[in-house]
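The numbers here are math on the coordinates, done by the rules we state, and not lab data. As the structure is a computational prediction, the values presented were derived from the model and not from experiment. All Cβ positions, even for glycine, are placed from backbone atoms using ideal geometry, and neighbour counts span all protein chains on display.
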Amino acid sequence: MANLPDLPRTIPVFPLPGALLLPRAQLPLHIFEPRYLAMLEDALKTPERLIGMVQPCSGAHDGPRLHSIGCAGRVTAFSETHDGRYMITLSGRSRFRIRQEVEGFTPYRRCEVDWSGFEADRGQPEPDAGFDRDGLFALLDRYFTETGLSTDWDSLKEAEPELLINSLSMLLPLDPEDKQALLEAPCLSTRRETLVTLIEYALRGGNDEMMQ
């Protein structure tokens, strides 16, 4: 496995169902459990300041089984509350593939990871030649109306394709397995197609949880 200088072989992982981080996107997190406070403190001591976000497999929650692909983010902002909790922001750096979990004495989980195959994550924003902005916004209008969700339409309409698609993938109330499918999409156009399919499925009443 070839490692880049700023992408270490072993990283801490945060198994959080439904929390999706994508490259070049930002994920706010509220850290309060003692083991994850320890994870944050240790991450901040490293030059990379990386934490890997990964989905537990269905039914596993915080047990031993993790999906094989996650996304690492660099801690780019953090603030401490009066009771010792932290609000942090992770900025997505790159997806990774878990090679094996590392046994050790930390209260949080660590994995040996492989960064190869995700070189595009560390480059410039991806283009999407087939992006139909008007068609997507017509679909979103129906979805937000039927689910009773609200959004800042002006910000969405001004967003570049990658930021728009990735933000929707991260923020919409999708099932964890659907979030994993969006994470594993090989390119932006595939992620957009997957997202559209999931929204259309929800509008047909195929996913009761999304319609609540």
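Suppose a student asked you for the relative contact order of the chain, using Cα pairs under 8 Å spaced at least 6 residues apart; what percent would you report? Numbers along the way, then the final one.
On the way: 349 pairs, mean separation 48.0, N = 212.
Reported as a whole number, the value is 23 percent.
Equivalent ellipsoid semi-axes for the chain, as square roots of 5 times the alpha carbon gyration tensor eigenvalues: give them largest first, rounded to whole Å.
Numbers: eigenvalues 176, 74, 58 Å².
So the equivalent ellipsoid measures 30, 19, 17 Å along its semi-axes.
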Self-check item: DSSP-assigned coil residues among GluC sites (Glu not before Pro) in segment 81-118, each with at most 10 further Cβ atoms within 10 Å
Solution: 103
Practice problem: Take every Cα pair under 8 Å in segment 81-127 that's 6+ residues apart, average their separations, divide by the length, and report that relative contact order as a whole percent. | Solution: 34 percent
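If you count the DSSP beta bridges with both ends in the chain, what percent of them are antiparallel, to the nearest 5?
Numbers: 31 of 34 bridges.
Percent antiparallel among DSSP bridges in the chain is about 90.
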Quiz item: With axes computed from alpha carbons, what is the tilt in degrees of helix 161-171 against the longest principal axis of the chain, rounded to the nearest 10 within 0 to 90?
Solution: 70 degrees
Quiz item: Could you state the principal axis extents of the C-alpha atoms in segment 133-211, from the largest down, to the nearest angstrom?
Solution: 31, 28, 18
Quiz item: Tell me, how many Å apart are the Cα centres for segment 81-101 and for segment 162-204?
Solution: 21 Å
Exercise. Report, in degrees rounded to the nearest 10, the 0 to 90 angle that the Cα long axis of helix 133-147 makes with the longest principal axis of the chain.
Key: 80 degrees
Quiz item: Residues with amide H under 5 Å of residue 72's amide H, sequence separation 5 or more or different chain, H placed in the peptide plane at 1.01 Å from N; which?
Solution: 53, 93, 94, 95, 96
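Which of the chymotrypsin sites (Phe, Trp or Tyr not before Pro) across segment 77-115 are loop residues per DSSP, with 14 or fewer other Cβ within 10 Å? List each step's numbers first, then the result.
Working: sites: 78, 86, 96, 105, 108, 115; in loops: 105, 108, 115.
Sparse-neighbourhood loop chymotrypsin sites (Phe, Trp or Tyr not before Pro): 105.
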Self-check item: Under-5 Å amide H pairs with residue 109, H placed in peptide plane, nonlocal only
Solution: 13
Exercise. Could you work out how far helix 188-203 tilts from the main Cα principal axis of the chain, as a 0 to 90 degree angle to the nearest 10?
Key: 60 degrees
